[in-house]
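K.L.:
To start, I am sharing the structure in question, which I have written as structure tokens.
The values are calculated or read from the model by the stated rules, or taken from the named source; none is laboratory data. For clarity, every value in this text was computed on a predicted model and none was experimentally measured. Here the Cβ positions follow ideal geometry from the backbone for every residue, glycine too, while neighbour counts run over all protein chains shown.
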Amino acid sequence: MNTSASDPTELDLDRTAVIVGVDGSEAADDAARAAAVEAVARHAPLTLVRAFDWPVGGVDGLPAGVDGRTIARRSAARELAQLAAALADRLPTADVRTELVDGAPVDVLCARSAGAALLVVGAHGQTWTTGTALGSVASAVASSSGCPVLLHRSVTPLGVRGTGVTVGLDGGPGSRQVLTAAAAEAQRRGVPLTVVHTWRQLTEDAARPLRWLLDPETTAASETAVVEELATELRLADPELRLDTVLLTGRAGPALVEAGDAAALLVIGRPATPGGQGPRATTHEVSSRSRVPVLLVPLPAVDRTDAVADQPVLADRV
């Protein structure tokens, strides 16, 4: 059941596997339990991945002759094995692997995610913080992983978690991919799917002056069509799926966070950003402020330059 590796690039790839990053913290252990549920639902194996990052030069204060690195690594391996054994009541032990990998957590998990179907990480790790803000590892992994990432939150600040799946769509490239992923999550859980689309109507009071006034009814009809076409396709493909659409005006981040409060899972796309830049504003805000677990679906890079260069701005869509 247990394996060990020193180079994350040398790990075996199983593109059906669910992997979870753990670090010995209570939040990470809870994320592992959530990952076990995901693995069972997908009929997939589960891999517990723990990064072992011993500081260069060692740790000051250790007695002479004590090999702190070896002791610490053995302790991490023992904790990893104990966690795997604790998941035996959730899925067969034959379906659980452990990997103790030398390297920084972000580097290890991002490398490992390239060969997996889903990466699960706790919103917080060893350095627990209050509120909804992500821990540093979760934030970095969510921005650059090679597969969908489930940001797990143990307990919502509201104390109550909904039962459905909510997905935010902007109607742009990748929307169909995000909707498909959200529908699959709803189907696995046997719960309704709510599609949320938001936009902001620009007027003469907008930050940048416009040469015309926009008709709210025309814009609303246009924005409604953005998601209704996709929703109709999904209803035809899966008539048994309970699907609702919600259209909201306002900033995307706050709207999606609020809409997600009624769900068990909030799904959004994670657009690619050029040059290793950080996540887009909406992705960052939803990931950081959502009070429920968030599934981030990575989207391929799209060059919009030619497509939008000569188009008038109709609305500040999300």
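K.L.:
I need the full set of residues from region 113-132 which are under 13 Å from the mean Cα position of the chain (by Cα) and at pLDDT below 90, in order please.
P.N.:
Passing the criteria: only A123.
K.L.:
So, in region 223-252, of the ones that are hydrophobic (A, V, I, L, M, F, W, C) and part of a strand (DSSP E or B), which residue ends up farthest from R188 (Cα to Cα)?
P.N.:
Looking at the filtered set, the residue picked out is L248.
K.L.:
Being at pLDDT below 90, surrounded by fewer than 19 Cβ atoms within 10 Å (Cβ to Cβ) and of a type in the set (D, E) narrows it down to one of D89, D30, D107, D102, so name that one.
P.N.:
Among D89, D30, D107, D102, only D89 is at pLDDT below 90, surrounded by fewer than 19 Cβ atoms within 10 Å (Cβ to Cβ) and of a type in the set (D, E).
K.L.:
Within region 89-121, how many residues are of a type in the set (G, A, S) and within 21 Å of A72 (Cβ to Cβ)?
P.N.:
Looking only at that region, the number is 2.
K.L.:
Only residues that are assigned to a loop (DSSP other than H, G, I, E, B), within 14 Å of A86 (Cβ to Cβ) and of a type outside the set (V, I, T): list them for region 16-38, please.
P.N.:
G24
K.L.:
Please identify the pairs in which a residue from region 93-120 that is within 18 Å of R33 (Cβ to Cβ) and touching a residue at least 60 places away in the same chain (Cβ under 8 Å) has its Cβ atom under 7 Å from the Cβ atom of a residue that is of a type in the set (S, T, N, Q) and in a helix (DSSP H, G or I), counting only partners at least 6 apart or on another chain.
P.N.:
Pairs found: L119/S113.
K.L.:
On to the next question. From the list L236, L256, L248, pick out the single residue that is under 25 Å from H152 (Cα atoms) and either surrounded by fewer than 17 Cβ atoms within 10 Å (Cβ to Cβ) or touching a helix residue (DSSP H, G or I) at 6+ places or on another chain (Cβ under 8 Å) (or both).
P.N.:
Within the list L236, L256, L248, the selection yields L256.
K.L.:
A further question on this structure: crowded, with 16+ Cβ neighbours inside 10 Å, assigned to a strand (DSSP E or B), of a type in the set (S, T, N, Q) and at pLDDT below 90: does that describe T219?
P.N.:
Judged against the criteria, T219 is not a match.
K.L.:
Can you spot a residue in region 47-64 that is over 24 Å from V106 (Cβ atoms), of a type in the set (G, A, S) and assigned to a helix (DSSP H, G or I)?
P.N.:
Scanning region 47-64 turns up no residue that is over 24 Å from V106 (Cβ atoms), of a type in the set (G, A, S) and assigned to a helix (DSSP H, G or I).
K.L.:
Given the criteria at pLDDT below 95 and within 24 Å of A252 (Cα to Cα), does G135 qualify?
P.N.:
Here the answer is yes, as G135 does meet what is asked.
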